[in-house]
1. So what's the net charge close to Gln71: Lys and Arg +1, Asp and Glu -1, counting the other residues with Cβ under 12 Å from its Cβ?
2. At 0.36 nm per residue, minus the direct Cα-Cα distance, what do Trp20 and Leu5 gain on full extension? Give it in nm, one decimal, please.
3. Once R0 is set to 22 Å, what does the formula 1/(1 + (r/R0)^6) return for the Cβ-Cβ distance between Ala34 and Ala57, expressed as a FRET efficiency to the nearest 0.05?
4. Normalized C-alpha radius of gyration of segment 17-83, against 2.2 N^0.38 Å?
5. Each label point is 7 Å from the Cα along the Cα-to-Cβ direction; what then is the distance between the points at Asp47 and Arg13, in nm?
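Just so it is clear, none of the values below were taken in a lab; they were calculated from the coordinates. Keep in mind that this is a model prediction, so the values were computed, not measured. Ideal geometry is used to build each Cβ from the backbone, glycine not excepted, and the neighbour counts take in all protein chains shown.
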Amino acid sequence: MNRHLAQTEHFARATALAGWAQATARAQAAALSARVWHLVNLPSGTDITRLRTQIGALDREVRRLALHLEQQQAHQDGRTDGKETDGADAGPL
């Protein structure tokens with residue numbers, strides 16, 4: 001009997017409505033929470049998430065730039081005799 005009830009259209013609609021109501025309540029609670037944190041001059045959870053994303057992007061950029069700098073330094077160290085090379089004849093030192 002219970003299996004039959006769970007397979008009805010009314011049950012599906014009620015489940016969907018309950019899910020929508022729960023998501024709406026969570027969103028409203030998160031918005032209210034953010035306003036409260038901002039009123040006392042503190043960052044909200046969304047602020048922290050955004051900052052973590054920005055820090056991650058900055059970390060990746062710093063790593064990329066450090067690698068590029070290391071490659072340039074290695075390339076320049078290969079020309080210690082004062083001659084410019086195109087890199088074609090650069091071998092192990």
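1. On the way: positive: Arg64; negative: Glu70, Asp77.
Neighbourhood net charge equals -1.
2. On the way: separation 15, 0.36 × 15 = 5.40 nm, distance 2.06 nm.
Net length gain for the segment: 3.3 nm.
3. On the way: r = 22 Å, r/R0 = 1.01.
For Ala34 and Ala57, the calculated efficiency is 0.50.
4. Values: Rg = 23.7 Å, N = 67, 2.2 N^0.38 = 10.9 Å.
The value comes to 2.18.
5. 4.4 nm
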